[in-house]
1. Calculate, in nm to one decimal, what residue 35 and residue 131 gain on full extension: separation in residues at 0.36 nm each, minus their alpha carbon distance.
2. Using 0.36 nm per residue, how much length does the chain from residue 71 to residue 7 gain when fully extended, once their Cα-Cα distance is taken away?
3. At 0.36 nm per residue, minus the direct Cα-Cα distance, what do residue 98 and residue 28 gain on full extension? Give it in nm, one decimal, please.
4. For region 10-59, taking Cα atoms only, what is the radius of gyration to one decimal and the Dmax to the nearest whole Å?
Amino acid sequence: MNFQGVVLNIADLDRSIDFYRDVYGFTLLAKKDQLASMYAAGNDRSQVLLLRSVGTTSAHRVIGAGHVGIRAVVLEIATVDELERVAAALDQRGCLVARHGDDATWAAVFGRDPDHISVIAGTSLSDDPINLDAWAGLDDALYSAGE
């Protein structure tokens, strides 16, 4: 089983398209009315981010860890250099929250998108993908995801 996509309710479609393209390298696949699909290029499987604009009215603008819906988007980045590029892009936008890792097998940056949805990007510190053992170590960083 592989993850195919994530759907995010967002406030401003163009702003979110720019963010996910510029920071994470997603490519716009299609845009219609208040909906856009973007994909992570360079993968052997389709991995799609579907953005749905709900506007900025208070009834639709419930953000943070207490809302029902997406708490965080987690992406795996191919290299440490690419992770550093993501961290710099997040920092430049004032969206970098924290860095974390186990110092031996993986590293990650925690950021927020324009609607304050947590986006975590991680990478393996070896030539292999992040393995399941890394996810089995439920540390405080995972509890703080989306706070």
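Read-outs throughout are calculated quantities, based only on the coordinates presented, and are distinct from any laboratory measurement. Bear in mind the structure is a predicted one, so any value in this text is a computation, not a measurement.
1. On the way: separation 96, 0.36 × 96 = 34.56 nm, distance 3.34 nm.
Answer, rounded to one decimal: 31.2 nm.
2. 21.9 nm
3. 22.5 nm
4. Just the Cα atoms of region 10-59 yield Rg and Dmax of 11.5, 40 Å.
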